[in-house]
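I have placed the structure first, in the form of structure tokens, so that the comments after it can refer back to it.
The values are calculated or read from the model by the stated rules, or taken from the named source; none is laboratory data. These numbers come from a predicted model, not from an experiment. Cβ atoms come from the backbone with ideal geometry, glycine included; neighbour counts cover every protein chain shown. Each accessible area value is taken on the protein alone, full model and side chains, heavy atoms only, with ligands, DNA and RNA left out. Shrake-Rupley method; radii C 1.70, N 1.55, O 1.52, S 1.80 Å.
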Amino acid sequence: MTFAGKKIFVTGAATGIGRATACYLAAEGGHVFGAGLDGDEGRDLAASDTTGRLAFYESDLTREADVQTAVAAARERLGGLDAVVNCAGIYPTGKRLEELSDEDWDQTIAVNLTAIFRVCRATLPLLRAAGGGSIVNIASVHADATVPGVPAYAATKAAVVGLSRQMALDYAVDRIRVNAVLVGSVATRMTLDGLEAAGGAEALGLSFEPNRIARIANPREIATAIGFLISDAASFVTGSAMQVDGGLLSRLL
Ligand SMILES: NC(=O)c1ccc[n+]([C@@H]2O[C@H](COP(=O)([O-])OP(=O)(O)OC[C@H]3O[C@@H](n4cnc5c(N)ncnc54)[C@H](O)[C@@H]3O)[C@@H](O)[C@H]2O)c1
């Protein structure tokens, strides 16, 4: 798959799935503008890039001003946008609903949902000006099934699917496709920290073995699926919630 000439905005690009996606898209010809927290990792990403097509801009996407500045910087560097990948997210665990403070709840909604709303609001005019484009919003298997103690996370990921479907409908007229990805377990710090807290992968029935259903993915395996949704090969794919979960949601036990 080639992304030659495509201009792509990727959030959460400093680490994990966002970083793998930014690297993959740039390596395959895309011009990538990464935005997000974790500035040290982000600067390392930009410094280690050998393609000359990858930039990183440190920004807290829960702040409207940061969203505006990052999108303006992307427009200035790339001259427009063809695609947006919303990867930034947080995964607070270990609290049932009654134990959540307003701050806990608001922070998860702010990163996992409101930031997507704001990034889409700021970038849609650029996609429209390009004659169309593709938005990929990273949801999770938690949209459909969940584990104990993640009420705000599960709620936001289900909402991301609903928002993506709605946007697909509303922006088809502008030739803008919008899809969500139901990501399973991926070997990033988000999962590895969570697994440690839950007593390890085996306690959850997950495995790192490559031939297992519901094994843990390498972030690049998510990046290539995101790449498909961005690419022209997915020209008829919009409004979908694509499972990229190694069969996790198919598992009964
Ligand atoms: N790792 C998994 O198993 C898994 C499973 C399902 C879904 N996901 C989703 O994939 C996405 C990426 O997660 P990951 O696994 O790569 O973990 P990660 O922690 O490596 O990446 C999350 C990124 O979001 C960024 N971020 C957090 N708050 C931000 C803010 N306020 N503003 C800007 N950036 C912010 C972080 O800097 C980080 O780079 C998330 O949306 C996550 O919910 C991950």
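Over segment 112-175, accessible surface divided per residue gives 40 Å², non-protein components excluded, 1.4 Å probe.
For segment 7-248, calculate the relative contact order in percent as a whole number, restricting contacts to Cα pairs under 8 Å that are 6 or more residues apart. Value for segment 7-248: 20 percent. Residues whose amide H comes within less than 5 Å of that of residue 135, counting only those at least five positions distant or on another chain, are 84, 177, 178, 179 (H built at 1.01 Å from N in the peptide plane).
A cut-off of 5 Å between modelled amide H atoms, ignoring neighbours fewer than 5 places along the same chain, links residue 57 with 34, 35, 36. Pairs of Cα atoms nearer than 8 Å and 6+ residues apart set the relative contact order; for segment 114-253 it is 29 percent.
Within the listed set 229, 204, 169, the Gaussian network model of the chain (springs between alpha-carbon atoms below 10 Å) gives the highest mean-square fluctuation for 204. When a 1.4 Å probe is rolled over the protein heavy atoms, the share of accessible surface on the chain that falls to carbon and sulfur comes to 53 percent.
Working note: Karplus 6.51/-1.76/1.60 with θ = phi - 60° gives segment 14-29 the couplings 6, 9, x, 5, x, 5, 4, 5, 4, 5, 4, 5, 5, 4, 9, x Hz, where Gly and Pro are set to x.
Hey, can you find the accessible area per residue of segment 50-89 for me, probe 1.4 Å, expressed in square angstrom? Per-residue accessible area for segment 50-89 comes out at 45 Å². Report the far tail of the P(r) of the chain, meaning the percent of Cα-Cα pairs longer than 24 Å. When all Cα pairs of the chain are counted, 43 percent exceed 24 Å.
With contacts taken as Cα pairs under 8 Å at a separation of at least 6 residues, segment 31-111 carries a relative contact order of 26 percent. Hey, quick one: spin label on residue 99, modelled 7 Å out along Cα-Cβ, who in segment 198-216 has an amide N within reach, i.e. under 13 Å? It comes to 198, nothing else.
Among the trypsin sites (Lys or Arg not before Pro) found in segment 135-217, those both in a DSSP coil and sparsely packed, with 16 or fewer other Cβ atoms within 10 Å of their Cβ, are 175, 212. Rounded to the nearest Hz, the phi-derived 3J(HN,Hα) couplings of segment 137-148 under the Karplus curve 6.51 cos²θ - 1.76 cosθ + 1.60 (θ = phi - 60°) are 9, 7, 9, 6, 4, 5, 5, 10, 8, 9, 10, x, where x marks glycine and proline. Among 246, 166, 112, whose Cα projects farthest towards the positive end of the dipole of the chain, with charges put on the beta-carbon of Lys, Arg (+1) and Asp, Glu (-1)? Checked the options; the winner is 166.
Placing +1 on the Cβ of every Lys and Arg and -1 on the Cβ of every Asp and Glu, with no other charges, gives segment 144-253 a dipole of roughly 120 debye about its Cα centre.
Computed from backbone phi with θ = phi - 60° and the Karplus coefficients 6.51, -1.76 and 1.60, the 3J(HN,Hα) list for segment 157-168 is 6, 5, 5, 5, 5, x, 5, 5, 4, 5, 5, 4 Hz; x is used for glycine and proline.
For the chain, a crude dipole built from +1 on the beta carbon of Lys and Arg and -1 on the beta carbon of Asp and Glu, taken about the Cα centre, is about 880 debye to the nearest 20. Note on segment 32-78: with charges restricted to the Cβ of Lys and Arg (+1) and Asp and Glu (-1), its dipole about the Cα centre is near 300 debye.
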